[in-house]
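Structure first, then comments.
The values are calculated or read from the model by the stated rules, or taken from the named source; none is laboratory data. Just so it is clear, the structure is predicted and the values come from calculations on it, not from any experiment. Here the Cβ positions follow ideal geometry from the backbone for every residue, glycine too, while neighbour counts run over all protein chains shown. Only protein heavy atoms, including side chains, enter the accessible area calculation; ligands, DNA and RNA are left aside. Shrake-Rupley method; radii C 1.70, N 1.55, O 1.52, S 1.80 Å.
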Amino acid sequence: MNIPNLITVFRLLVIPIFVIAFYWPTHYSFYISALVFALAAFTDWLDGYLARRLNQVSSLGAFLDPVADKLMVAVALVLLVDAYSTPYLALPAAIIIGREIAISALREWMAELGQSKKVAVSYLGKLKTASQMLAIILLLSQNPKHPTILGSFGFVLLYLAVLLTLASMFMYLRAAWEQVKKASHP
């Protein structure tokens with residue numbers, strides 16, 4: 001267990017704290033949950049940076065990091081859908097979570113075929129993650145019953161994240177298309 005992996009495990013352990021903060025019966029629960037999520041988002045960047053900087057990239061970290069990211073984002077989106085109770089949030093959340101499941105399965109399948117480099121994380125995927133994280137922080141930081149301009153900007157960023165989500169999904173599917181064709185015609 002190295003420092004980057006410990007940071008990733010910390011991010012996983014923060015998820016229940018994040019949920020409790022979100023539902024904590026106080027007027028500040030929105031700010032607290034946004035702060036906890038922002039801390040988790042920062043550790044997402046930090047663990048990768050330290051792994052490369054300290055030359056501590058590991059197969060455990062390569063597995064745990066995306067799992068922690070996807071769990072944190074999925075939990076946040078589920079909580080936001082509950083709080084906002086609108087299809088304008090439920091639909092983007094479903095698209096983002098669905099894409100994460102599909103691409104994770106695609107990456108696992110491609111790794112089994114020895115073709116994981118074809119579906120490695122791209123710059124577009126990193127942009128998607130950044131816009132998702134910022135959108136979620138902004139949406140968490142406000143009371144859905146009293147929206148602010150930051151919340152509106154959060155929705156704009158969430159829809160940008162959906163566009164990037166779909167674009168990166170199609171990019172990964174295109175990269176894997178030859179393998180998909182081979183598998184469908186034995």
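Some observations on this one:
- Positive-end residue of L138, P16, L54, charge dipole of the chain with Cβ unit charges: L54
- Dipole magnitude of region 1-105 about its Cα centre (Cβ charges: Lys, Arg +1; Asp, Glu -1), debye to nearest 20: 140
- Working note: Karplus 6.51/-1.76/1.60 with θ = phi - 60° gives region 141-151 the couplings 7, 10, 7, x, 7, 9, x, 10, 5, 5, x Hz, where Gly and Pro are set to x.
- Approximate spin-label separation W109-A38, in nm, with each point projected 7 Å along Cα-to-Cβ: 4.0
- Residues in region 1-35 that a label on Y49 would reach, taking backbone N under 19 Å of a point 7 Å out along Cα→Cβ: 2-12, 35
- Full-stretch length increase - D82, V9 - with 0.36 nm per residue and alpha-carbon distance subtracted: 23.7 nm
- Among F63, F153, F22: highest mean-square fluctuation, GNM of the chain, C-alpha pairs under 10 Å: F63
- Close Lys pairs in the chain, defined as Cα atoms under 24 Å apart and 8 or more places apart or on different chains, number 12.
- Taken along the Cα-to-beta-carbon direction at a fixed 7 Å, the label points for L173 and S116 span 2.4 nm.
- Measuring with a 1.4 angstrom probe and ignoring ligands and nucleic acids, W45 comes out at about 130 Å² accessible.
- Ordering M133, M110 by accessible surface, largest first, gives M133, M110; the 1.4 Å probe counts only protein heavy atoms, with every chain in place.
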